[in-house]
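Data block below; observations after.
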């Protein structure tokens, strides 16, 4: 069964918030580079199944913030490359 993560756009609005948020969610190692490229690398290596849950309200918040949108694009790319990851729209 996949772990379900409801994205919190307010925690993705800048590099520092995003880094702290994803380190909490995934317990990335200390070598996590705390940037979007590092996020992509770490998500691409995630072995356990994860469903990123996105509803209309969350998607609107993501679209309204430039950095949160960049984070979402990284998640989308990782989902494309890693069969353990999924985005679930509700």
> Does residue 43 satisfy the criteria of being in contact with a strand residue (DSSP E or B) (Cβ under 9 Å, 6 or more places away or on another chain), modelled with pLDDT of 95 or more and part of a loop (DSSP other than H, G, I, E, B)?
Replying inline: no
>> Quick check on this structure: which one of 29, 57 is in a loop (DSSP other than H, G, I, E, B) and free of Cβ contacts under 8 Å to residues at least 12 places away in the same chain?
In response: 29
>> What are the pairs with Cβ atoms under 6 angstrom where one residue, in the range 61-90, is at positive phi and touching a residue at least 40 places away in the same chain (Cβ under 8 Å) and the other, located anywhere, is surrounded by 14 or more Cβ atoms within 10 Å (Cβ to Cβ) and part of a helix (DSSP H, G or I)? Sequence gap at least six, or different chains.
In response: none
>> Consider the range 78-90. How many of its residues are surrounded by 15 or more Cβ atoms within 10 Å (Cβ to Cβ) and part of a helix (DSSP H, G or I)?
In response: 2
>> Only one of 38, 68 is over 10 Å from the mean Cα position of the chain (by Cα), modelled with pLDDT of 95 or more, surrounded by 15 or more Cβ atoms within 10 Å (Cβ to Cβ) and assigned to a helix (DSSP H, G or I). Can you tell me which?
In response: 38
>> Exactly one condition in (1) closer than 24 Å to residue 89 by Cβ; (2) more than 14 Å from the chain's Cα centre (by Cα); (3) surrounded by fewer than 15 Cβ atoms within 10 Å (Cβ to Cβ) is false for residue 29; which is it?
In response: (1)
> What number of residues in the range 1-19 are assigned to a helix (DSSP H, G or I) and surrounded by 13 or more Cβ atoms within 10 Å (Cβ to Cβ)?
Replying inline: 6
>> So residue 27 passes all but one of these: (1) at pLDDT below 95; (2) on the phi < 0 side of the Ramachandran plot. Which condition number does it fail?
In response: (2)
> Going through the range 41-52 one residue at a time, which ones are surrounded by 15 or more Cβ atoms within 10 Å (Cβ to Cβ) and either closer than 16 Å to residue 11 by Cβ or in contact (Cβ under 8 Å) with a residue 12 or more places away in the chain (or both)?
Replying inline: 42, 43, 44, 46, 50, 51, 52
> For residues in the range 1-26 being touching a residue at least 60 places away in the same chain (Cβ under 8 Å) and touching a helix residue (DSSP H, G or I) at 6+ places or on another chain (Cβ under 6 Å), which is nearest to residue 65 (Cα to Cα)?
Replying inline: 12
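The values are calculated or read from the model by the stated rules, or taken from the named source; none is laboratory data. None of the values given here were measured: they were computed from a predicted structure. A quick note on method: Cβ atoms are made from the backbone with ideal geometry, for glycine too, and the neighbour counts reach across all protein chains shown.
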